[in-house]
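The values are calculated or read from the model by the stated rules, or taken from the named source; none is laboratory data. None of the values given here were measured: they were computed from a predicted structure. In this analysis, Cβ positions are derived from the backbone assuming ideal geometry, glycine residues included, and neighbour counts consider all displayed protein chains. For accessibility, only protein heavy atoms count, side chains too; no ligands or nucleic acids. Shrake-Rupley method; radii C 1.70, N 1.55, O 1.52, S 1.80 Å.
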Amino acid sequence: MLYAALVFLPIITAAIAGIFQKWLGARPSELLTTAGLFISLALSIYAFWDVALLGHSQIVPLWQWISSGDFTADWTVRVDTLTAVMLVVVTGISALVHLYSIGYMRDDPGRPRFFSYLSLFTFAMLMLVTANNFLQVFFGWEGVGLASYLLIGFWYKKPSANAAALKAFVVNRVGDFGFLLGILAIFWVFGTLDFDAVFKAAPMVAGKTFTFAGQQVDILTTICLLLFVGAMGKSAQIGLHTWLPDAMEGPTPVSALIHAATMVTAGVFLVCRASPLFELAPDALAFVTFIGATTAFFAASVGLFQNDIKRVIAYSTCSQLGYMFVAAGVSAYGAAMFHLFTHAFFKALLFLAAGAVIVALHHEQDMRKMGGLRKQLPFTYWMMLIGNLALTGVGIPLLGLGTAGFYSKDAIINAAYLSGTPMGRYAFTLTLLAVAMTSFYSWRQFLMTFHGRYRGEDHHAWEEGGQHHALKLEEVHEPARTMLVPLAVLAAGALIAGIAFVHVFIGDAVFWRGAVAIANGHHGTSKIPLLIELAPLLLTALGFGIAYFFYIVKPELPAQLAARKGLIYTFLYRKWYFDELYDFLFVRPAKALGRLLWKWGDGKIIDGLGPDGVAARVLDATRGAVKLQSGYVYHYAFAMLIGVVGLATWFMLGGR
């Protein structure tokens, strides 16, 4: 029952906080949900020790979920190494975000609802990672989609928040449709949805085809591509990425929880969980590599010129997820999960540190209105510095010493280089370019926020009590302690998680014990040329140097270049025009079709010929009848005469 308690404790506290919020109040609700998450975290750490390190994997059946004819689906908790890693990530980040939110949301009247939504999301994510069959995964998959909609649109009185929540919900439905088709295809081919049964039977299906549109199509490739479409939507890969930056409309703790460490990594988890299928579908793996590498490059390029501090981190998340898919695409599933693990620490740290800055500046998010905050926010400064060092992967390759991102990111680049495939070389090139861009936009954000001249006094102004106020630098101060403690914990993870677990996650088949198809050891450093080994560090230094020149040495240059609105700057600033393209291809035609169906289909045809039309004709007939009732005797006599003439005519012409 330990694992059942781990999974269901968040939903119990969420239900109590949500249903009884009027009686409990804000403080008990936040304490109850936070305590529940810390208990789940303690149980997750035990699960990691017992399952991942000691090898005591378990499958715990709870009850029969669905029984229909020959189809049955049990509600089962599966805890293997892959699950244990995800449990620590999900409950660890969620518990710290709960604690952080106590300070961040302290003035918000909807705190009980907010904490209830947070715990609801955590429960759905736990259901996803502990699933023992694809249908149970889909339950958790849709659950996190619902919870993310509620959290992104938490400030529902803001039109932008509502629009962002709807956008996230709709775009994810596109990916989810592909995922659902993949699940149906698995059941059609294998007759079951249980992981072990499907993976055991998969080799017998390898190489078999089916006829589609007159062509012979590989069965497993089709299934894997459909599953990956779902992963693309949830993990915001290029094409289905447009929801992620807009999701920053939600509170900052939501950004840290959903869009940095947990929900967006569900796609990576799915590919690693289904790795026995993907290993038998090399074309699908090549496509995964292509999408991951392209996303890593695309998102990094868009992040170069963004001015919203949270959007910069959001595009960084999108880019780093691309790295994870590159690793999975070249069969380095251990490296993919390792980067997922380390990324959770430093990306949540960056989001929460950005939240501390935002709170200190009266919820300002534009970096052009920041600067010079180092002395006012010294603790946040060091936390953001550690997060940036981990994100950019600063380390010493020859000594093997560095931050968490140094170990996991370099492992992925090395794996792409050693894959020896054309797609691997493509991924290697694009991920190296993304390293330089990541360094530039990360240090650009850091320097614009904490160094240089404070630009807030010219912009931060508001009306209060009929008087005009401006936020001065000396008025900026560190936020509440409950917001700072999680930063310190995450900073420790961003520094030591890499060196502590690199040899466990990568190349250790004993650690994974079959939880993923291949725990690759081929992406080690023994066969890597020195120049390739040093390339990420050199490109990171290059990105830092350019950022330092533009924002410290010549701080007037960025504004001058932006004012010119050059072709490349505009293209990247407008995010490759994906939103405009989708608006032209999908949004406007959908609106036009909806308007046509509303005005003509519903209004003119259905209502016009149906209820409205019948009612109008009745009214017309009534008006005509009313005109006959004039009240004049000669009118009635004339009507009687006409009736007599008509009756006589009928008899004369043959009536009997």
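Side notes on the structure shown:
- Selection from the stretch 297-314 of residues that are within 18 Å of residue 239 (Cα to Cα) and open to solvent by 10 Å² or more (accessible area, probe 1.4 Å): 297, 311
- Test for residue 222: is it in a helix (DSSP H, G or I), over 24 Å from residue 308 (Cβ atoms), among the polar types (S, T, N, Q) and touching a residue at least 24 places away in the same chain (Cβ under 8 Å): yes
- The sole residue among 294, 289 that is hydroxyl-bearing (Ser, Thr, Tyr) and open to solvent by less than 10 Å² (accessible area, probe 1.4 Å) is 289.
- Exactly one residue out of 341, 305, 298, 345 is more than 17 Å from the chain's Cα centre (by Cα), more than 30 Å from residue 201 (Cβ to Cβ) and of a type in the set (Phe, Trp, Tyr), and it is 305.
- Checking each residue in the stretch 275-284 for being open to solvent by 10 Å² or more (accessible area, probe 1.4 Å) and in contact (Cβ under 8 Å) with a residue 60 or more places away in the chain picks out 276, 279, 280, 283.
- Residue in the stretch 19-30 that is closer than 22 Å to residue 516 by Cβ, touching a Lys or Arg at 6+ places or on another chain (Cβ under 9 Å), open to solvent by 50 Å² or more (accessible area, probe 1.4 Å) and not aromatic (Phe, Trp, Tyr) present: no
- Within the stretch 568-575, one or more residues are open to solvent by 60 Å² or more (accessible area, probe 1.4 Å), in contact (Cβ under 8 Å) with a residue 24 or more places away in the chain and not small (Gly, Ala, Ser).
- Residue within the stretch 218-237 that is open to solvent by 50 Å² or more (accessible area, probe 1.4 Å) and either under 15 Å from residue 288 (Cβ atoms) or not β-branched (Val, Ile, Thr) (or both) present: yes
- Complete set of residues in the stretch 69-93 that are over 23 Å from residue 504 (Cβ atoms) and of a type in the set (Gly, Ala, Ser): 69, 73
- The sole residue among 390, 354 that is in contact with a Lys or Arg (Cβ under 8 Å, 6 or more places away or on another chain) and not polar (S, T, N, Q) is 354.
- Considered as a group, the residues in the stretch 156-168 that are surrounded by fewer than 18 Cβ atoms within 10 Å (Cβ to Cβ) and part of a helix (DSSP H, G or I) include one that is farthest from the chain's Cα centre (by Cα), and that residue is 159.
- Boolean, residue 539 is in contact (Cβ under 8 Å) with a residue 24 or more places away in the chain and closer than 14 Å to residue 440 by Cβ: yes
- In the stretch 70-119, the qualifying residues are those that are polar (S, T, N, Q) and within 30 Å of residue 52 (Cα to Cα), and the one that is most open to solvent (accessible area, probe 1.4 Å) is 72.
- For the stretch 442-458, the criterion of a residue being open to solvent by 10 Å² or more (accessible area, probe 1.4 Å), modelled with pLDDT of 90 or more, under 28 Å from the mean Cα position of the chain (by Cα) and among the hydroxyl-bearing types (Ser, Thr, Tyr) is satisfied by no position.
- Only one entry in 103, 110, 143 is out of contact with any helix residue (DSSP H, G or I) (no Cβ under 8 Å at 6 or more places or on another chain) and either free of Cβ contacts under 8 Å to residues at least 60 places away in the same chain or under 28 Å from residue 485 (Cα atoms) (or both), namely 110.
- Elements of type helices (runs of 4 or more DSSP H) in the stretch 575-656, at least 2 residues being under 30 Å from residue 245 (Cα atoms): 578-582, 588-596
- The set of residues in the stretch 582-619 that are of a type outside the set (A, V, I, L, M), open to solvent by less than 70 Å² (accessible area, probe 1.4 Å) and free of Cβ contacts under 8 Å to residues at least 12 places away in the same chain comprises 583, 589, 594, 601, 602, 603, 607, 608, 610, 613.
- Within the stretch 129-153, the set of residues being assigned to a helix (DSSP H, G or I) and open to solvent by less than 10 Å² (accessible area, probe 1.4 Å) comprises 129, 134, 136, 137, 140, 141, 144, 145, 147, 148, 151, 152.
- Residue 218 satisfies every condition listed in (1) under 20 Å from residue 267 (Cα atoms); (2) in contact with a Ser or Thr (Cβ under 8 Å, 6 or more places away or on another chain); (3) among the charged types (D, E, K, R) except (1).
- Residues that are closer than 17 Å to residue 347 by Cα, part of a helix (DSSP H, G or I) and in contact with a Leu (Cβ under 6 Å, 6 or more places away or on another chain), drawn from the stretch 232-258: 254, 256
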